[in-house]
Amino acid sequence: MPETDHAVVRAVLAGDKEAYGALVRVHSAAVFRVAFRIAGNEADAEEIVQDTFLRGYQRLAGFEFRSGFGTWIYRIAVNCALNRVQQTDPEAAYRPGEEDDPEQKLVQVAATGADPERLLLSQEISSARAIAVKRLTATERTAFILRHMEDRSTTEIAEILGIAPNAAKQAVFRAVQKLRRELAPLRGNA
Amino acid sequence: MKHLTEEQLIATFYGEEADGGPSPDAMAAHLGACRECGARYAELQQDLERVRPEPVPTRAADYGDQVWQRLSPTLTPHKRPQPRWHRWFQFRVLLITAACAALTALAFVGGRFWERHFTKPPQIAGGATPQSTQRVVLVVLTDHLDRTERLLVALNHADASDAVENSQLQSEARELLASNRLYRTTASEVGDPALSRTLDRVEGVLAEVANNPNLTSADLARLRDQMNTEGILFEIRVLLSRTPESTTGLNRPKGASI
């Protein structure tokens, strides 16, 4: 696949704009997934996908063919997502939702039952988790999301974030430690 | 074995090796044997389980197409990169063109500078040197004086009864009159009084001959006496003797120094 991607990239750089569509079709799902993980909502994730592929096209001349196009565009997607998260109001992005306000952006845990007490507890956990994630630095948050949710290796995280592998590992450790401290009060409720 | 640190527990959770610590297998074995570390690891698992990934909303099968449809109109095709030799060729052409332009400009400016500072303006139109120009003028003037001399000689020996001869004299006088006026004016402008005076007297005789329709023997005698054609003839011969060949050399003006 990387070889195929490289051939397509060469075609695009030679002036075949339509060839870029093949790359978009192959990698858009992965880009959407990581965009959603970082942004936390579909609308922003959609914008991030568009922005990612646009930036990718504009910077394609700088693609060095050493890594796969997927890894390269994934890195751009992470950066685009981080930029968008930093631009938007984090309080609004992770605020616990009101039931009568459908416009508010919610980070919710899927309820397994209709029990109101359980639903309330789920919302409380979700809110605490969102706040805990918000308090991480951008690097810690991204490293944790890539490791814990995207199941990326330390080496991949380092490459995506442009840092040393050991720094990536430390970022994940610090993120987990901070999250555990933030979520410690909820341990008895689980 | 010591109890595992939090970092080592986290590394175990993600299946990685902690920096400078025991191997993953050794850590797993310790967790099975040590109740305290096992409890701490269970707590870590519980905490991280709470931060489980959100389910990602599913996208349609043609999601990639949708993204491309929205993106495509905003993109402009990349320019095809030119081969290195082509760029080098273009650079050389540009360099040669610039060098030619610079040389042309330099030659133009240099020429203007040279003309302004090292070249004397030509004294006579046509670009000839003053010496050669003077030679041309002297040759023409000598010819004029020769013709005038012949006319005066003919006039001194003219027969009033010969109408044909008189007509030829008048015709010749008319032709010489115009050129004589020009030479006289020039001689007075350049400051040659001898030549100017002689040509002035010649002009009077020529005007009398040219403007008299019927020359009689009395007219001819009056002209010879009043105008002293013999004296004029002598002055012309003196002027003709000022030729380079007959005096000091080639550079000596013949007749006059106009």
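The values are calculated or read from the model by the stated rules, or taken from the named source; none is laboratory data. Predicted model only: the values in this text are computed from it and were never measured. We place every Cβ from the backbone using ideal geometry, glycine too, and count neighbours over all the protein chains shown.
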| query | Which residues, counting only those in segment B:49-72, are in a helix (DSSP H, G or I) and more than 15 Å from residue A:15 (Cα to Cα)? | reply | B:49, B:50, B:63, B:64, B:65, B:66, B:67, B:68, B:69, B:70, B:71
| Only listed residue being at pLDDT below 85 and on the phi < 0 side of the Ramachandran plot, chosen from B:150, B:135, B:174 | B:135
| field | Options A:151, A:89; residue that is at pLDDT 75 or above and either among the acidic types (Asp, Glu) or closer than 30 Å to residue A:70 by Cα (or both) | value | A:151
| request: Among the residues of segment B:73-86, write down those that are part of a loop (DSSP other than H, G, I, E, B), surrounded by 10 or more Cβ atoms within 10 Å (Cβ to Cβ) and not polar (S, T, N, Q). | output: B:75, B:77, B:78, B:79, B:80, B:81
| Which of (1) under 12 Å from the mean Cα position of the chain (by Cα); (2) more than 9 Å from every other protein chain (Cβ to nearest Cβ) does residue A:147 not meet, given it meets every other one? | (2)
| note | For segment A:156-169, the count of residues that are in contact (Cβ under 8 Å) with a residue 12 or more places away in the chain and not in a loop (DSSP other than H, G, I, E, B) equals 7
| said: Yes or no: segment B:12-22 includes at least one residue that is within 11 Å of chain A (Cβ to nearest Cβ) and at pLDDT 85 or above. | reply: yes
| field | Condition met for residue B:66 (closer than 30 Å to residue A:27 by Cα, within 11 Å of chain A (Cβ to nearest Cβ) and either surrounded by 10 or more Cβ atoms within 10 Å (Cβ to Cβ) or in contact with a helix residue (DSSP H, G or I) (Cβ under 9 Å, 6 or more places away or on another chain) (or both)) | value | yes
| request: Check residue A:74 against each of (1) away from every other protein chain (no Cβ under 11 Å); (2) of a type outside the set (D, E, K, R); (3) farther than 30 Å from residue A:126 by Cβ and name the one condition it does not meet. | output: (3)
| query | Scanning for something touching a residue at least 60 places away in the same chain (Cβ under 8 Å), of a type in the set (A, V, I, L, M, F, W, C) and either in contact with an Asp or Glu (Cβ under 6 Å, 6 or more places away or on another chain) or surrounded by fewer than 20 Cβ atoms within 10 Å (Cβ to Cβ) (or both), does segment A:11-24 turn up at least one residue? | reply | no
| said: With the requirement that a residue be more than 10 Å from every other protein chain (Cβ to nearest Cβ), in contact with a helix residue (DSSP H, G or I) (Cβ under 9 Å, 6 or more places away or on another chain) and either over 22 Å from residue A:160 (Cβ atoms) or modelled with pLDDT under 90 (or both), what does segment A:20-52 give you? | reply: A:38, A:39
| said: For segment A:7-15, check the following and say yes or no: at least one residue is closer than 26 Å to residue B:57 by Cα, out of contact with any Phe, Trp or Tyr (no Cβ under 6 Å at 6 or more places or on another chain) and modelled with pLDDT under 90. | reply: no
| request: Would you check which residues across segment B:11-63 are touching a residue at least 12 places away in the same chain (Cβ under 8 Å), closer than 18 Å to residue A:181 by Cα and surrounded by fewer than 14 Cβ atoms within 10 Å (Cβ to Cβ) and list them? | output: B:45
